[in-house]
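Q: Sending over a structure as structure tokens; questions will come in a sec.
The values are calculated or read from the model by the stated rules, or taken from the named source; none is laboratory data. Not measured: the values here are computed from a predicted model. Positions of Cβ are generated from backbone atoms using ideal geometry, with glycine treated the same way; all protein chains shown enter the neighbour counts. These area figures cover heavy atoms from the full protein model, side chains too; ligands, DNA and RNA do not enter into them. Shrake-Rupley method; radii C 1.70, N 1.55, O 1.52, S 1.80 Å.
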Amino acid sequence: MPDEPDATAGSQERDDPPRRVRIPVASIRTDAPQFQIAARNPRRAEILAGSGFLLAAAGFAGFGAAYWQNYSNFWLGLTFSVGFGGLGYGMVVWGKYLMPRGPFSESRHDLAPTSVQREEFVQDFASRGKVAVERRGFLVKTLGLASGILGVVLAMPFIRSLGPLPHKVLRQTAWRRGSYLVDITGRKIKTGDLEVGGFTTVFPETDIGGAYSQTMLIRVDPPPASGYLKPPPQFAKQRATWAPQGYIAFSKVCTHAGCPVGLYQELTKKMLCPCHQSLFDVTDAATPIFGPAPRPLPQLPLYIDDEGYFRAQDGYDEPVGPGYWERGND
Amino acid sequence: MIDALFNWFDERLGISGSGRKMLNKIFPDHWSFLIGEIALYSFIVLLGTGVFLTLYFVPSSKDVIYQGSYAPLRGQPVSEAFASTLNLSFAVRGGLLMRQMHHWAANIFVGSIVVHMLRIFFTGAFRKPRELNWIVGSTLLILAIFNGFLGYSLPDDLVSGTGLRISFSIVESIPLIGSYAAFFLFGGNFPGNAIIPRFFILHVLILPAVIVGLLSAHLGMLVRQKHTQFPGRGNTPRNVVGAPLWPTFVAKTTGFMCLTVAVTGVLSAFFQINPVWLYGPYVPYKVSYAVQPDWYMGWLDGALRIMPSWEIVGFGHMIPNVFFPAILLPGITFGVLQMWPFIEARLTHDHAEHQILDRPRDRPKRTAFGAAVFSFYFVLFGASATDVLANYLSISLNVVLTSFRFLAVIVPLVVFPVTFRICKEMQSVPTAGKRKRANVVLRSAEGGYSTVPSEERPGDTVPRVDPLPLDEDFQFVTVLAGAVAAGDGQAGNGHVEDSEPVPPDEVHDGRRRGGIFKIPRAYR
């Protein structure tokens with residue numbers, strides 16, 4: 001009967017009186033100064049803590065009433081906070097003044113195991129591993145192969161499915177040869193729509209409101225009068241016809257971080273990006289003259305058709321907006 | 001009844017044994033230990049208010065015509081996300097309070113993590129054996145910042161939408177993979193329709209789950225390794241002095257949690273935060289003046305602003321401008337932050353265990369370095385308000401921006417030596433930072449002057465008593481274990497004593513002889 005000794009041992013254990021000895025904290029050497037409460041006048045502390053709780057009760061009741069009556073956020077927040085404030089105050093007073101003032105201590109014990117423990121663990125781990133794993137080199141390799149493929153395959157849906165590849169999307173906008181310049185309502189812009197110094201945001205008809213095709217059309221002084229808009233030497237030949245009758249259009253997407261370059265100051269003829277304060281000189285091919293923007297805003301070549309409508313000679317000749325790795329030299 | 005219930009669980013789970021030790025867990029009394037608790041409790045506020053918000057928020061960028069109760073925007077095309085944000089603010093009872101509390105609590109959460117981290121840094125609490133917890137903690141900071149930004153982006157208002165546009169550009173700027181990463185994150189080119197639902201699930205499920213996991217690890221390690229403590233009467237590397245978990249700490253910390261909630265509530269009742277209805281819905285071609293992110297992103301925004309307009313182009317490729325301030329800088333920042341315990345150990349050759357905290361003045365180099373680095377980020381933070389400052393001070397934006405470029409270099413260079421000097425001066429005055437008794441100047445009959453300290457009045461100094469060990473029986477057992485270990489010739493685990501002098505009555509010779517455990521005086 002091999003079971004018998006075990007059974008008796010078990011019952012003996014159960015018959016033993018519980019070894020747990022209840023020692024409430026406050027009963028160990030209650031004469032020790034650490035067990036005295038911190039308050040000199042416990043009655044007063046009790047009243048304070050109690051009034052905190054009463055305040056909390058009033059606050060929470062007030063919150064209920066405020067909610068019921070659909071009062072404003074102000075009253076809801078106020079009553080809510082009074083409730084929690086009173087609760088917190090009462091608890092802190094209770095803990096700070098009406099409980100043993102201490103200090104108490106506990107001892108630290110070393111966390112790092114003894115070298116014996118460590119050796120035993122390592123030995124167990126390694127010796128079992130030797131028997132079960134190291135002898136099965138073939139299994140280890142095939143398991144590794146399967147897991148490796150799983151890892152690669154899992155990465156596909158979790159990464160590749162997330163979005164389309166950028167390809168050429170970043171290189172071009174919806175602007176095409178002959179695109180009309182329309183405003184956000186879809187109205188075609190024609191000469192005379194803007195005052196001198198006026199400006200408006202325009203889009204191609206196919207992409208109204210588009211994040212990348214947004215373009216700033218500005219009417220600057222008539223060119224013959226001021227000589228404004230004369231392209232800088234390197235662009236002189238190419239851009240000579242791009243700004244007919246003092247109307248000039250630049251991409252509104254900042255070359256720094258892509259914010260809309262939304263502010264135009266007629267007095268200085270500068271465009272300002274409100275995000276990081278890059279300043280572009282409209283009279284100098286929108287070259288950045290201040291702030292972090294590294295490149296000029298691309299210019300949209302304009303022409304005025306026979307009916308007086310503004311149209312694009314072509315799309316932008318470079319990618320609009322901030323830089324990216326593949327952008328390189330173009 | 002409660003007794004029976006407790007017995008029921010105890011018999012099945014065996015709570016009493018470890019539970020009793022847990023009741024005796026000591027929490028140091030120093031005020032600076034409360035900062036981490038603020039972080040914990042504001043996270044609880046975030047969870048509570050966040051659950052409420054998910055019941056009403058619709059994470060969709062689908063266009064709808066706003067028909068809600070906010071008259072100025074009625075009839076305008078907005079996204080469902082924006083419309084539902086307005087709806088839960090105006091039409092849901094208590095919704096505005098919950099939303100504002102959520103936003104305030106997020107700010108408090110990140111803020112208290114930063115201050116908590118500074119406390120850990122300047123007092124050297126990250127040293128062995130707590131390097132791992134430092135890494136977990138700094139990861140929590142990073143996640144908190146990220147999740148804050150995600151949540152801030154969800155309402156799809158004009159300001160946060162602009163932030164999303166910038167973050168697209170930032171991701172796009174990563175060399176080699178940038179445009180792919182940005183397209184995969186946003187589900188295509190900016191703005192697309194995928195980003196709000198994706199950020200939503202990251203914000204409400206994935207990141208909070210990771211944060212909860214790491215937070216548990218953070219606290220678990222804290223319990224296992226026990227608290228550090230400042231040097232002081234009765235505080236040794238072998239004990240922790242303070243208040244026991246039950247009942248004192250429970251009372252205090254529960255009260256503190258309620259106070260954290262109350263402060264968040266007061267802020268939300270009195271101070272409007274993120275009024276998205278004033279900003280309007282996001283449209284890609286509109287932008288608002290004075291666009292600032294939430295404060296914890298300010299240093300990044302400032303870095304973007306004061307970065308000179310450099311861009312590296314060559315071999316058909318480009319490293320865009322925003323890469324340097326928005327990818328490289330945070331990369332270095334968080335990299336150095338996470339590795340700091342190891343960097344410092346390498347520099348100081350200090351590989352010993354430390355349970356006693358440094359006073360910042362006693363480690364002038366670390367303190368000066370930390371202060372200099374912090375001042376650098378503070379300047380960057382200030383730089384995120386260049387436009388506001390220029391307006392407010394009525395000076396040119398150019399002057400403000402150029403000044404910040406210089407300040408970012410100069411301020412840390414000034415802060416380092418000044419802090420170093422202050423530390424040295426404080427070291428040489430032993431009573432620095434302590435409450436002093438008034439001095440009385442006396443004039444003698446001959447006309448000579450002398451100074452004597454005034455008589456001590458009650459309350460001038462707090463009478464301190466030695467800490468009372470709560471784990472007597474535990475110690476009794478371990479004393480024997482220590483004797484056995486000493487007999488075996490086990491030399492502990494290379495524990496090196498902390499540098500501060502231990503009061504003579506606390507010298508525990510058990511450890512000196514190679515025993516592992518402290519021998520209380522009673523058993524010597």
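Q: Which of the numbered conditions does B:A83 fail, given that it passes all the others? Conditions: (1) within 13 Å of chain A (Cβ to nearest Cβ); (2) in a helix (DSSP H, G or I).
A: Just one mismatch for B:A83, condition (1).
Q: Look at B:L46 and say whether it is part of a helix (DSSP H, G or I), surrounded by fewer than 16 Cβ atoms within 10 Å (Cβ to Cβ), more than 13 Å from chain A (Cβ to nearest Cβ) and out of contact with any Lys or Arg (no Cβ under 9 Å at 6 or more places or on another chain).
A: Answer is no for this residue.
Q: Restricting attention to region A:158-178, which residues are without any contact (Cβ under 8 Å) to a residue 12 or more places away in the chain and either open to solvent by 70 Å² or more (accessible area, probe 1.4 Å) or touching a strand residue (DSSP E or B) at 6+ places or on another chain (Cβ under 6 Å) (or both)?
A: Within region A:158-178, A:F158, A:I159, A:R160, A:S161, A:H167, A:K168 meet the criteria.
Q: Still on this structure: Mind checking which residues of region B:379-405 are of a type in the set (A, V, I, L, M, F, W, C), surrounded by fewer than 19 Cβ atoms within 10 Å (Cβ to Cβ) and touching a residue at least 40 places away in the same chain (Cβ under 8 Å)?
A: B:F381, B:V388
Q: Just checking, which of B:V261, B:V266, B:V240, B:V336 is modelled with pLDDT of 95 or more and open to solvent by less than 40 Å² (accessible area, probe 1.4 Å)?
A: B:V261
Q: Which count do you get for residues in region A:93-109 that are open to solvent by less than 40 Å² (accessible area, probe 1.4 Å) and within 7 Å of another protein chain (Cβ to nearest Cβ)?
A: Total meeting the criteria: 10.
Q: Give the residues of region B:155-187 that are part of a loop (DSSP other than H, G, I, E, B), more than 7 Å from chain A (Cβ to nearest Cβ) and surrounded by 23 or more Cβ atoms within 10 Å (Cβ to Cβ), sorted by residue number.
A: B:P155, B:D156
Q: Mind checking whether some residue in region B:278-285 is β-branched (V, I, T) and more than 7 Å from chain A (Cβ to nearest Cβ)?
A: no
Q: Also: Please enumerate the residues belonging to region B:417-431 that are open to solvent by less than 80 Å² (accessible area, probe 1.4 Å) and under 27 Å from the mean Cα position of the chain (by Cα).
A: B:P417, B:V418, B:T419, B:F420, B:C423, B:M426
Q: Then there is this: Mind listing just one residue for me: the one in region A:258-306 that is in a helix (DSSP H, G or I) and crowded, with 19+ Cβ neighbours inside 10 Å and, of those, modelled with the lowest pLDDT?
A: Going through the qualifying residues, I end up with A:T283.
Q: Can you tell me which residue among B:F190, B:F200 is within 11 Å of chain A (Cβ to nearest Cβ) and either within 30 Å of B:R130 (Cβ to Cβ) or open to solvent by less than 50 Å² (accessible area, probe 1.4 Å) (or both)?
A: Only one candidate passes the filter, namely B:F190.
Q: Working only within region A:311-326, note down all residues that are more than 34 Å from the chain's Cα centre (by Cα) and of a type in the set (A, V, I, L, M, F, W, C).
A: Matches in region A:311-326: A:A312 only.
Q: Now for a separate question. Are there any pairs with C-beta distances below 6 angstrom linking a residue in region B:15-29 that is modelled with pLDDT under 85 to a residue that is open to solvent by 30 Å² or more (accessible area, probe 1.4 Å) and not in a helix (DSSP H, G or I), with the two at least 6 apart or on different chains, and if so which?
A: Within 6 Å, the pairs are B:S16/A:R20.
Q: Taking region B:49-65, which residues are assigned to a loop (DSSP other than H, G, I, E, B), buried (at least 17 other Cβ atoms within 10 Å of the Cβ) and without any contact (Cβ under 8 Å) to a residue 60 or more places away in the chain?
A: Across region B:49-65, the qualifying residue is only B:V58.
Q: Then there's this: Among A:A61, A:A39, A:A45, A:A65, which is the only one that is part of a helix (DSSP H, G or I) and modelled with pLDDT under 95?
A: Exactly one of A:A61, A:A39, A:A45, A:A65 is part of a helix (DSSP H, G or I) and modelled with pLDDT under 95, namely A:A45.
Q: Of the residues that make up region B:135-151, is at least one at pLDDT 95 or above, assigned to a helix (DSSP H, G or I), more than 14 Å from chain A (Cβ to nearest Cβ) and under 30 Å from A:G62 (Cβ atoms)?
A: Yes, because at least one residue in region B:135-151 is at pLDDT 95 or above, assigned to a helix (DSSP H, G or I), more than 14 Å from chain A (Cβ to nearest Cβ) and under 30 Å from A:G62 (Cβ atoms).
Q: Having 2 or more residues that are within 17 Å of B:A125 (Cα to Cα), over 20 Å from the mean Cα position of the chain (by Cα) and among the aliphatic types (A, V, I, L, M) is the bar; report the helices (runs of 4 or more DSSP H) wholly within region B:255-365 that clear it.
A: It comes to B:329-348.
Q: Restricting attention to region A:38-71, which residues are open to solvent by less than 60 Å² (accessible area, probe 1.4 Å) and either more than 40 Å from the chain's Cα centre (by Cα) or closer than 20 Å to B:W104 by Cβ (or both)?
A: Matches in region A:38-71: A:A38, A:A39, A:P42, A:A45, A:A49, A:G50, A:S51, A:G59, A:F63, A:A66.
Q: Of all residues in region B:379-401, how many are among the hydrophobic types (A, V, I, L, M, F, W, C) and in a loop (DSSP other than H, G, I, E, B)?
A: Count: 2.
Q: Tally up the residues in region B:289-318 that are touching a residue at least 40 places away in the same chain (Cβ under 8 Å), open to solvent by 40 Å² or more (accessible area, probe 1.4 Å) and at the interface with chain A (Cβ under 8 Å from one of its Cβ atoms), please.
A: 2
Q: Check B:H102 against each of (1) open to solvent by 50 Å² or more (accessible area, probe 1.4 Å); (2) assigned to a helix (DSSP H, G or I) and name the one condition it does not meet.
A: Every listed condition holds for B:H102 apart from (1).
Q: Among (1) touching a helix residue (DSSP H, G or I) at 6+ places or on another chain (Cβ under 8 Å); (2) part of a loop (DSSP other than H, G, I, E, B), which single condition is B:K434 missing?
A: The one condition B:K434 does not meet is (1).
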